[in-house]
Every structure is written in C-alpha cells, then in structure tokens.
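The values are calculated or read from the model by the stated rules, or taken from the named source; none is laboratory data. Worth saying up front: this structure is predicted, and the values here are computed from it rather than measured. For neighbour counting, all protein chains shown are included, and Cβ atoms are generated from backbone atoms with ideal geometry for every residue, glycine included.
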Amino acid sequence: MDKKQKRSLTRGIILVVLAAAIAYTVFATATKDKVKVLKVGATAPDFELVDLNGETHRLSDYKGQGVFLNFWGTWCEPCKKEMPAMDRQYTAFKNQGVQTLAINIAQSDFEVQKYIKNLGVSFPVVIDKTKSVMTAYNIYPLPTTILISPEGKVQKIITGEMTEGQIASYMESIKPE
C-alpha cells in the first residue's frame, strides 16, 4: 500500500468514527428523559424555599388551602403591573384559605427585597436560587401562575399578565369548600 492509499484509509476511518459520534449524540439527545410537562389535574410538585424574612415555605404545608403560586422576575414589566392587584386579593382571600406565594427566579436577595419594598406587597416572596422549582413546574414565560387546589392538584396554569378581576376569580376558584 502506498502513502496515498494509507492516507485515504486513515481519513475514511476518521470520517466513519466522526459520523458514528454525531449519530450517537443525535440519538442520545432525542431519547433522553425530558422534564415532564406539568398538566392540569397532576399533583403539584412539593418544594421548600425560604422567604425574604428567613421563613421556610413548603408547598405541602398548605395542604387544605388553595395556593396561588406566581413565578416572576424584577425585570418583567407584566409581573410588576400585576403585583399590587395580587397583593390586594391576597389581603381579601388570606383568611378564606387561599395562600399566595410569589417565587422569584434566581435573583439576588438585595434586588428582590428592594423591589418588593418599593411595591409594598405583603404576601410571602421566596427566591428559587437554583431554578429547581422553575424546572419542576416547567415555567416559561414569566409571569406564570399555577393555581393549586386544596387537595394539592394543579387546577390551572396561567401564562402572562392577569387583571385584578381575573386574580380575584382565580383565587375564588381555589378557595376550600
């Protein structure tokens, strides 16, 4: 075998190995376990996050209450617009068995505290520092609100900004009997 044939054979082998690697990568990506998409009727994934006052909140602690779970960010304009309305409805519904929990997505304590103080909201605000809750709930885009029934089931998933009237009717819909 001359030099030219050896070089062609070597290139051919490299090409086959490369093609096999690409094929394997495509196959592995297509078949790997994906995060399950949260569906209405499913049991809401439990989580544990700490609020701005250092208190721990577990979803399971609210069993028997409706939970208005709102995912948001300080840079999100629709989030900012709906927060005061959420706070007014939180005040109206908190003694009727409906809990509001606002989950900020991975921003600093300082940023979130300053933002919440400026808005003057009174409901609990937690920070999902590792985005694990965001991932478990498959959240996109912000704001997204998950309505959780007193039995711990996902009742409704709302993406985008809500009006005060919508917030009130959503809270009414998850109120314990």
Item to check | Near pairs, Cβ below 8 angstrom, 6+ apart or cross-chain, from the range 118-146 (farther than 13 Å from residue 49 by Cα and surrounded by fewer than 17 Cβ atoms within 10 Å (Cβ to Cβ)) to any residue that is among the charged types (D, E, K, R) and modelled with pLDDT of 90 or more | outcome: 119/80; 119/87; 120/87; 122/87
Checklist entry - Quick check: is even one residue across the range 49-70 surrounded by 12 or more Cβ atoms within 10 Å (Cβ to Cβ), more than 26 Å from residue 164 (Cα to Cα) and in contact with a strand residue (DSSP E or B) (Cβ under 6 Å, 6 or more places away or on another chain)? => result yes
Checklist entry - Restricting the search to the range 93-115, which residues are more than 25 Å from residue 152 (Cβ to Cβ), surrounded by 15 or more Cβ atoms within 10 Å (Cβ to Cβ) and within 19 Å of the chain's Cα centre (by Cα)? => result 107, 112
Item to check | Complete set of residues in the range 69-118 that are among the polar types (S, T, N, Q) and outside any loop (DSSP other than H, G, I, E, B) | outcome: 70, 89, 91, 95, 96, 99, 100, 104, 113, 118
Item to check | Scan of the range 40-68 for residues that are aliphatic (A, V, I, L, M) and part of a loop (DSSP other than H, G, I, E, B), ordered by number | outcome: 40, 42, 44, 52
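Yes or no, residue by residue, for (1) modelled with pLDDT under 95; (2) more than 17 Å from residue 75 (Cβ to Cβ); (3) more than 9 Å from the chain's Cα centre (by Cα); (4) outside the structural domain of residue 59 (by TED's automatic domain parsing):
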site: 129; (1), (2), (3), (4): yes, no, yes, no
site: 136; (1), (2), (3), (4): yes, yes, no, no
site: 139; (1), (2), (3), (4): yes, no, no, no
site: 150; (1), (2), (3), (4): no, yes, yes, no
site: 158; (1), (2), (3), (4): yes, yes, yes, no
Item to check | Which listed residue is in contact with a helix residue (DSSP H, G or I) (Cβ under 9 Å, 6 or more places away or on another chain), of a type in the set (A, V, I, L, M, F, W, C), closer than 30 Å to residue 123 by Cα and at pLDDT 95 or above, from 44, 85, 106 | outcome: 85
Checklist entry - With 43, 25 as the choices, which residue is in contact with a Gly (Cβ under 8 Å, 6 or more places away or on another chain) and β-branched (Val, Ile, Thr)? => result 43
